[in-house]
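Single-structure report; data block below.
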Amino acid sequence: MTTANPEDTQILAPPPRPGTLRSGLLALRDALDRPLTAYYLLLGASALLLTIGLIMVLSASSVYSYETHDGDSYAVVKRQLMWVLLGLPFAWIASRMPLRLLRALAYPGYILSLTLLLLTAFIGVRINGNQNWLALGPLQIQPSEIAKLALIVWAAHIYANKERRLDSLHHMLVPVVPGLLLATLLVVVGHDLGTALVFAAIMAGLLWVVGVPGRIFGFLILVVSVLAFGMATLDQERVDRLTNFVDPFKDFHDAGWQPAHGLYALSTGGWFGQGIGASQQKWGQLPEAHTDFIFAVLGEELGLVGTLLVIGLFLTIAYAALRIARQSADPFVRYASFGIVVWLIGQMIINVGMVLALLPVVGIPLPLVSYGGSALMPSLVALGLLIGFARREPEAARALAQRKKARSAGLAAGRI
């Protein structure tokens, strides 16, 4: 009779018990490692943000719509729904667009966006102190919103072509930095400081991802910041906003009116909010309740839980986009994905920051949530591009092909 040698015996740790924190974390890691995770996260988070946006536009604009559209409380949300229905097909087309075609549109898109920005700077329509609208017959568009996507695609195309030469500072900066600075200058001429900050954030993000040295990176950011705030001081209204945003109650009846009432809305929301439709600030006290300050109405009606949900959905999009950028072997996909996430998340941070009185009021909408077709359409197309990038990843493409094959086999078996 033989006995087992104790040295040959392997001591195995017991498997994690169901319901434990460790098993939950392992399951989460397993789910995040799946090939289609980024694809489904982008689809789910985008759909939820669009749904929340429509609900909040309906609520926040109801009083304004009733007063300005002959008693029709649904006028604004019906237009927003129209833009969503128009934008979704474009997002679907973008998700299926071949990369070769997308890159072929980079320079035409850049030239078109600069032309529209130039026209806006000189013959644009001034609304709320910003000359950032262009009248095309009965339709008014905001070219700077289109330019955000066009600039990212153009810069990503250039950096992808220069992939092997990006160890040179000259190739990192030229022609992307002059091109982005030109677009920024055109929006600053129209006194659109908010869009100028978003353009600067896009430029900073792209320079960081291509590896610009820290001292050059910091110098460029300093120059852009000084120029932006220098131009802002030429307008007395913006000077008041820059000097009063930390304490909006100091000038409550003038420059501090909007941010102060935004804080009122957030403070009365509590943990779970007053309920959808129960906002009091939208009854005339809070300007731009369904556009730039819709986050304040959201906080009042859905509370801290609702605001954290919205921020969490944006961070989900950011995680999925950065995962695509990190895993993709295509340099164009890497740079375009990073540029899009800097744009959307940077704009979200600026919007939330100005509602919380952490940043000056600069007139930036909350992507996918605020009312406005000019902002919504490019955002949907950008998300469509990200979804297309996620679908093209080799493992994701194989997984989708296997599911399609299994579905076709199941349908064929059902017909037999």
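The values are calculated or read from the model by the stated rules, or taken from the named source; none is laboratory data. From a predicted model like this one, the values you see are computed outputs, not experimental measurements. A quick note on method: Cβ atoms are made from the backbone with ideal geometry, for glycine too, and the neighbour counts reach across all protein chains shown.
For region 164-186, the criterion of being in contact with a strand residue (DSSP E or B) (Cβ under 9 Å, 6 or more places away or on another chain), touching a residue at least 40 places away in the same chain (Cβ under 8 Å) and not in a helix (DSSP H, G or I) is satisfied by no residue at all.
Just one residue in the set Ala401, Ala406, Ala390, Ala396 is surrounded by 15 or more Cβ atoms within 10 Å (Cβ to Cβ), of a type outside the set (Asp, Glu) and over 26 Å from Met203 (Cα atoms); that residue is Ala396. Only one of the numbered conditions (1) modelled with pLDDT of 95 or more; (2) within 28 Å of Met97 (Cβ to Cβ) is not met by Arg403, and that is (1). The criterion of at least 1 residues that are in contact with a His (Cβ under 9 Å, 6 or more places away or on another chain) is met by the following helices (runs of 4 or more DSSP H) wholly inside region 313-416: 331-355.
Please specify each residue of region 32-55 satisfying the condition of being hydrophobic (A, V, I, L, M, F, W, C) and loosely packed, with under 15 Cβ neighbours inside 10 Å.
Step one: of region 32-55, the residues hydrophobic (A, V, I, L, M, F, W, C) are 32, 36, 38, 41-43, 45, 47-50, 52, 54-55.
Leu32, Ala47 - these are the residues of region 32-55 that are hydrophobic (A, V, I, L, M, F, W, C) and loosely packed, with under 15 Cβ neighbours inside 10 Å.
Here Arg34 meets each of (1) assigned to a helix (DSSP H, G or I); (2) of a type outside the set (Asp, Glu); (3) at pLDDT 80 or above with one exception, condition (1). Would region 125-133 turn up any residue that is touching a residue at least 12 places away in the same chain (Cβ under 8 Å), exposed (fewer than 15 other Cβ atoms within 10 Å of the Cβ) and among the aromatic types (Phe, Trp, Tyr)? Among the residues of region 125-133, not one is touching a residue at least 12 places away in the same chain (Cβ under 8 Å), exposed (fewer than 15 other Cβ atoms within 10 Å of the Cβ) and among the aromatic types (Phe, Trp, Tyr), which makes the answer no.
This table checks each residue for (1) surrounded by fewer than 24 Cβ atoms within 10 Å (Cβ to Cβ); (2) in contact (Cβ under 8 Å) with a residue 40 or more places away in the chain; (3) of a type outside the set (Asp, Glu); (4) under 21 Å from Asn132 (Cα atoms).
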residue: Ser328; (1), (2), (3), (4): yes, yes, yes, no
residue: Gly339; (1), (2), (3), (4): no, yes, yes, no
residue: Gly353; (1), (2), (3), (4): yes, no, yes, no
residue: Ile364; (1), (2), (3), (4): no, yes, yes, yes
residue: Gly373; (1), (2), (3), (4): yes, yes, yes, yes
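When we screen His157, His191 for residues that are out of contact with any Ser or Thr (no Cβ under 8 Å at 6 or more places or on another chain), touching a residue at least 60 places away in the same chain (Cβ under 8 Å) and outside any helix (DSSP H, G or I), the only hit is His191.
When the residues of region 194-209 are filtered to those that are buried (at least 21 other Cβ atoms within 10 Å of the Cβ) and not small (Gly, Ala, Ser), which remaining residue is nearest to Ser168 (Cα to Cα)? So the residue we want is Leu207. If you filter region 134-164 down to residues that are of a type in the set (Gly, Ala, Ser) and over 18 Å from Phe199 (Cα atoms), you find that the one that is surrounded by the most Cβ atoms within 10 Å (Cβ to Cβ) is Ala160.
What do you reckon, is Asp251 more than 30 Å from Gly44 (Cα to Cα) and of a type outside the set (Gly, Ala, Ser)? It would help to see each step written out before you state the result.
Details: more than 30 Å from Gly44 (Cα to Cα): yes; of a type outside the set (Gly, Ala, Ser): yes.
Here the answer is yes, as Asp251 does meet what is asked.
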